[in-house]
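Visitor: Quick one: the structure is below, and I'll ask about it shortly.
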Amino acid sequence: MSCAQAAVRNPAADPLLTLRARPRRIALLGNANVGKSVLFGRLTGQYAVVSNYPGTTVSVTKGRAMMGGEVCELIDTPGVTALEGALTEDELVARRILDRGEADVVIQVSDARNLRRALMLTSQLASCGRPMVLALNMVDEARAHGVVIDAAALSTRLGIPVIETVATEGRGVGELREAIARAAVPSCGEAHRGNHARLAHDLAIQYRRHRPHSAARAQERIGRWVREPLTGLPILALVLYGMYLAVGVFGAQTLVGLLEAGLFEAVVNPGAAALVNRAVPWALAREFLVGEYGLVSMGLTYAIAIVLPVVATFFFVFGFLEDSGYIPRLAIFSDRIFRTMGLNGKAVLPMVLGLGCDTMATMTTRILGTPKERLIAVLLLALGIPCSAQLATILGILGGVSFAALVTLFGVVLLQMFLVGFLAARAIPGERSEFIMELPPLRWPQLGNVVRKTLLRVRWYLGEAVPLFLFGTALLFVLDRVGLLARLTSAVEPLVVGLLGLPAHAAAVFIMGFLRRDYGAAGLFQMSKAGELDGVQAVVALTVMTLFVPCVANFLMMVKEQGLKAALRILGVVTVIAIGTGTVLNAVLRGLRVAF
Amino acid sequence: MSPSEKTRRLLNLNPGVSGRVVRVTRENPDRADRLIALGVTPGAVVTVLQRFPGVVFLCDHTELAVEPAVARAIVVEIE
C-alpha cells in the first residue's frame with residue numbers, strides 16, 4: 001500500500017523566518033494509550049480529555065503550538081494499532097489524515113516500554129513517505145521496568161529524530177518542539193521489504209536492553225489481585241460500595257440536602273418569589289418564573305440542587321477510576337456474559353461510561369469491532385444503563401425506601417438488559433468480533449487531571465442539561481396553561497394508573513422523563529418526598545423511567561451513530577419494553593403483597 | 001525432541017509459564033493481523049498470567065486479555 005506522495009522540502013534548510021500560505025500541520029499519531037493527548041496538552045497549552053484507557057479520543061482535536069520556531073497547527077488523533085490491513089474506524093481516521101495530505105509532519109508518540117509495537121507503526125509510517133519524529137514517551141516508567149533504549153543509535157539508524165519524553169511532567173517537550181525542524185522520512189532499509197513485524201523485532205533487539213528491576217513489583221502484585229477472581233471480585237464489590245458511599249450518600253444525600261433544603265428552599269426560591277412578586281406585574285409571568293412549573297422553582301431547582309451535586313461527585317469518582325486503569329480490567333470478568341449478548345468484554349467500557357452519561361457512551365461505542373456490536377451496545381445503553389444524574393435520583397428516592405427496593409430495581413433492569421441482549425444477539429444479523437484487549441498499566445491517578453476532567457464534564461453537563469431542563473419546564477408550563485397537560489395526563493392515565501398502579505400526577509413526570517429521564521426522575525424525587533408514592537410505586541416508576549430512552553440528546557446521538565431508522569426502532573422497542581416491564585413488575589409486586 | 005514436540009498453544013500453558021511465539025495461525029486473518037499489530041509476532045516472549053475467567057498474558061510490557069479461541073491461535077515454543 002502506498003500513500004499519496006507529497007513533495008517534501010528539507011525543513012532544516014529553511015531560513016529562520018518562514019513564510020507559508022497556511023500554518024504547518026503536525027499530526028500526533030501512535031498506539032492507543034501512549035499519552036498523545038497529554039502531549040497535545042503540553043504542546044498547545046490546551047486541555048484534551050485524558051484517560052488511562054484506549055478509546056478516549058474518538059475524534060480529531062486541533063490546536064496551535066510553537067514548533068520548530070513557528071506557529072503550527074497540531075492534530076491529536078485517536079490511537080491506532082495498525083495503518084495497514086483490516087482497519088477500525090479510528091484507524092481509518094488516522095489513515096485518511098495521512099492519505100489526504102492533511103498533515104505535513106507526523107510526530108509518532110510511543111510507549112517506550114513497547115518499542116517493538118511502536119517500531120511496527122514507524123515502519124508503516126515510513127511507507128507513507130511523511131517526514132516524522134519519534135517520541136519515546138513514558139521513559140520513566142520504562143526505566144522502572146528495566147527497559148533502556150539507545151535513542152541516539154536508533155535515531156541514526158532510522159535517520160529521524162528520536163526524542164525521549166515524559167509528557168505528564170513536560171520532560172523532553174522542548175527538545176521535541178525543536179526536533180520538528182529535523183523531521184525526515186525514516187529509512188527502513190531494503191532487507192525487510194514490507195515485513196513490518198520482522199523489522200520492528202530486529203530493531204528492538206538491537207537498540208533495547210533489559211536491566212533487572214524491582215521498582216514495578218508492587219504494581220504487578222496489585223495487578224494480580226485485581227485480575228484474579230478470588231481477590232478481584234471482592235475488590236469490585238469494595239469499589240462499588242465506595243462509589244455508593246461517595247455518590248449515593250455524600251452526593252445524593254449530603255450535598256443535595258445542603259443545596260436543596262439549605263440553599264434553594266430556604267434562600268433562592270423564596271428570594272426569587274419575593275423579587276418576582278414585587279418586580280413583575282403580570283401574574284402569568286410570575287407563574288412562569290416561580291409557579292408550580294416555574295423556571296426557577298422547578299427547572300433550576302432540579303438541575304442545580306438535585307442533579308448537579310450527584311453528577312459532579314460521580315464524575316469525580318469515575319475520573320479517578322478511569323485514570324487508575326481499573327475499568328478495562330472489568331472486561332476480563334464480563335467477557336463471558338457479554339459474549340452471550342453478541343458483544344465481547346470490551347463492551348464494558350461504553351457500559352461503565354454510560355453510568356456517567358449515556359450520550360457520551362453512545363459515542364464511544366465506536367471502539368467496538370463490528371456494526372452488530374455497536375448496534376447492540378447502543379440499544380443496551382438506551383435501555384438499561386442509568387446515567388449519573390438518574391442514578392442520583394434513584395439512590396435519593398430508594399435510599400429512603402429500603403435496600404430491598406434498590407436491589408429489586410437493579411435486578412429487574414439487569415435481567416431485562418441481559419434478556420434483550422441475548423435476543424438481540426440472535427435477531428440482529430452480523431458477527432461479533434473476538435475479545436482481544438490491551439490492559440493499560442495500573443497507576444495512582446493524578447489528582448489534577450481528575451479534577452480538570454471533572455470540571456470539564458460538569459461544565460459540559462451544565463451546558464447540555466440545564467437548557468433542556470429549562471426548556472422542559474417551559475414546555476410543561478405552556479402545556480399546563482393551554483390545558484393540554486390535563487388532556488395528555490388523562491390520555492395516559494389508564495396506562496399510568498391502570499397498568500403501572502401510579503398516581504395520575506405521575507403522567508406529567510413521565511412526559512418530563514421523555515426530555516431527560518433524570519429530569520423525570522427528579523420529578524419522582526419530589527413526589528416521593530411529598531409522600532405521593534409508596535414503596536412499590538417508587539420502584540415501579542423508577543424502573544420504567546430507567547428503562548426509557550435517556551434523553552433527547554442521547555436520542556440525537558443515536559441518530560448520528562446509527563441513522564434515523566435504527567434510532568426510531570430502538571426508541572420504539574425500548575418504550576414498549578419499559579412499559580411492559582413496569583406492568584409486569586407492578587402486577588407481581590402487588591400480587592405477592594410486597595411492601596418495601 | 002523435534003521442534004514440533006516443543007510447540008504448544010498459548011491456551012494450554014499454565015500461569016507463570018513463558019514461551020516464545022512461533023506463529024499465529026491464520027484461519028482468521030483479521031485476528032492474526034490484530035495480534036501482530038499488538039506485538040504478538042514470531043520471536044516475541046509471552047508469559048501467561050492467568051487462564052480463568054479469561055486468558056491474560058504478558059507480551060513485552062503489554063498485558064493482553066483475550067478469549068480462549070484467540071489464545072488457541074497463538075503457537076509458542078517453550079524454552
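Laboratory data are not the source of any read-out in this text; all were calculated from the coordinates shown. Not measured: the values here are computed from a predicted model. Note that each Cβ is placed from the backbone with ideal geometry, even for glycine, and that neighbours are counted across all protein chains shown.
Visitor: Among A:Thr583, A:Thr156, which comes first, second and so on when ranked by fewest other beta-carbon atoms within 10 Å?
Guide: The most exposed by this proxy come first: A:Thr156, A:Thr583.
Visitor: Something else: Would you pull out the residues with amide H under 5 Å of A:Cys551's amide H, same chain only if 5 or more places away, H placed 1.01 Å from N?
Guide: Correct list: A:Arg517.
Visitor: Only sites in a loop by DSSP and with at most 11 other Cβ atoms within 10 Å count here; which GluC sites (Glu not before Pro) in segment A:121-222 make the cut?
Guide: Within segment A:121-222, the qualifying GluC sites (Glu not before Pro) (loop, at most 11 other Cβ atoms within 10 Å) are A:Glu190.
Visitor: Shifting gears a bit: Which helices count as membrane-span-like in chain A under these terms: full DSSP H, at least 27 Å along the axis by C-alpha, Kyte-Doolittle mean of 0.0 or more?
Guide: A:403-427, A:447-481, A:564-591
Visitor: Of all the stretches in chain A, which is the longest one without any exposed loop site, taking trypsin sites (Lys or Arg not before Pro) in a DSSP loop (any state but H, G, I, E, B) with at most 15 other Cβ atoms within 10 Å?
Guide: Maximal segment without exposed cleavage sites: A:194-442.
Visitor: Going through segment B:4-37, which trypsin sites (Lys or Arg not before Pro) have at most 15 other Cβ atoms within 10 Å and a DSSP loop state?
Guide: B:Arg26
Visitor: Just round it to a whole percent: the fraction of Cα-Cα distances in the protein assembly as shown exceeding 31 Å.
Guide: Cα-Cα pairs in the protein assembly as shown separated by more than 31 Å: 58 percent.
Visitor: While we're looking at this one, here's another question. Do any chymotrypsin sites (Phe, Trp or Tyr not before Pro) in segment A:258-328 lie in a DSSP loop with no more than 12 other beta carbon atoms within 10 Å, and if so, which?
Guide: For chymotrypsin sites (Phe, Trp or Tyr not before Pro) across segment A:258-328 that sit outside H, G, I, E and B with at most 12 neighbouring Cβ atoms in 10 Å, the list reads A:Trp282.
Visitor: Which entries of A:Lys529/A:Lys560; A:Lys453/A:Lys560; A:Lys36/A:Lys565; A:Lys453/A:Lys565 have Cα-Cα distances beyond 27 Å here?
Guide: Numbers: A:Lys529/A:Lys560 38 Å; A:Lys453/A:Lys560 25 Å; A:Lys36/A:Lys565 36 Å; A:Lys453/A:Lys565 34 Å.
With Cα atoms farther than 27 Å apart: A:Lys529/A:Lys560; A:Lys36/A:Lys565; A:Lys453/A:Lys565.
Visitor: While we're on this one: Report, by chain and number, residues whose modeled amide H sits under 5 Å from the one on A:Ile163, excluding near sequence neighbours (fewer than 5 apart, same chain).
Guide: For A:Ile163, the qualifying residues are A:Leu134, A:Ala135, A:Leu136.
Visitor: Whole-Hz Karplus ³J(HN,Hα) for segment B:51-68, in order, using 6.51 cos²θ - 1.76 cosθ + 1.60 and θ = phi - 60°, x for Gly and Pro?
Guide: Result, ordered by residue: 10, 10, x, x, 7, 10, 9, 9, 10, 6, 10, 9, 8, 10, 10, 9, 7, x Hz.
Visitor: Could you list A:Phe333, A:Phe40 in order of exposure, starting from the residue whose Cβ has the fewest other Cβ atoms within 10 Å?
Guide: Exposure proxy ranking, most exposed first: A:Phe333, A:Phe40.
Visitor: A further question follows. What number, in percent, do you get for the relative contact order of chain A if the mean sequence gap of Cα pairs under 8 Å and at least 6 apart is divided by its residue count?
Guide: Here the relative contact order equals 12 percent.
Visitor: Check which residues have an amide H placed less than 5 Å from A:Val185's amide H, if you skip close sequence neighbours.
Guide: A:Met132
Visitor: Compare the Cα positions of A:Val185, A:His213, A:Leu125 along the charge dipole of segment A:96-238 (+1 at Cβ of Lys, Arg; -1 at Cβ of Asp, Glu; about the Cα centre) and return the one farthest towards the positive end.
Guide: Working it through, the farthest residue towards the positive pole turns out to be A:His213.
Visitor: Then there is this: Let's see if you can work this out: charge +1 on each Lys and Arg Cβ, -1 on each Asp and Glu Cβ, no other charges. What is the dipole magnitude of segment A:299-394 about its Cα centre, in debye to the nearest 20?
Guide: 340
Visitor: Taking Cα pairs under 8 Å and at least six residues apart, what relative contact order does segment A:37-160 come out at, in percent?
Guide: On the way: 140 pairs, mean separation 20.1, N = 124.
Averaging sequence separation for qualifying contacts and normalising by length gives 16 percent for segment A:37-160.
Visitor: For segment A:161-172, what does the Karplus curve 6.51 cos²θ - 1.76 cosθ + 1.60, with θ = phi - 60°, yield as ³J(HN,Hα) per residue in whole Hz, taken in order and with x for Gly and Pro?
Guide: x, 10, 10, 8, 9, 10, 4, 4, 9, x, 6, x
Visitor: Any idea how far the Cα center of segment A:475-514 sits from the one of segment A:538-573, in Å?
Guide: 19
Visitor: I've got another one for you. If the only charges are +1 at each Lys and Arg Cβ and -1 at each Asp and Glu Cβ, what is the size of the charge dipole of the protein assembly as shown around the Cα centre, to the nearest 20 debye?
Guide: In total the dipole reaches around 860 debye.
Visitor: If you don't mind, there's one more thing I want to ask. Can you pull the one-decimal nm distance between simple spin-label points at A:Leu456 and A:Glu175, each 7 Å off the Cα toward Cβ?
Guide: 2.7
Visitor: Cut-off is 10 Å between beta-carbons; in what order do A:Glu373, B:Glu67, A:Glu265 appear when sorted fewest neighbours first? Intermediate results must be reported in sequence, preceding the final value.
Guide: Details: A:Glu373 26, B:Glu67 19, A:Glu265 14.
Result, fewest neighbours first: A:Glu265, B:Glu67, A:Glu373.
Visitor: Relative contact order for segment A:361-465: what is it in percent, counting Cα pairs under 8 Å that are at least 6 residues apart?
Guide: Dividing the mean separation by the residue count of segment A:361-465 yields 35 percent.
Visitor: With each run of n ≥ 4 DSSP H residues scored as -39500 (n - 2.57), what mean residue ellipticity at 222 nm is computed for the protein assembly as shown after dividing by its residue count and rounding to the nearest 500 deg cm²/dmol?
Guide: Per the formula, -15500 deg cm²/dmol.
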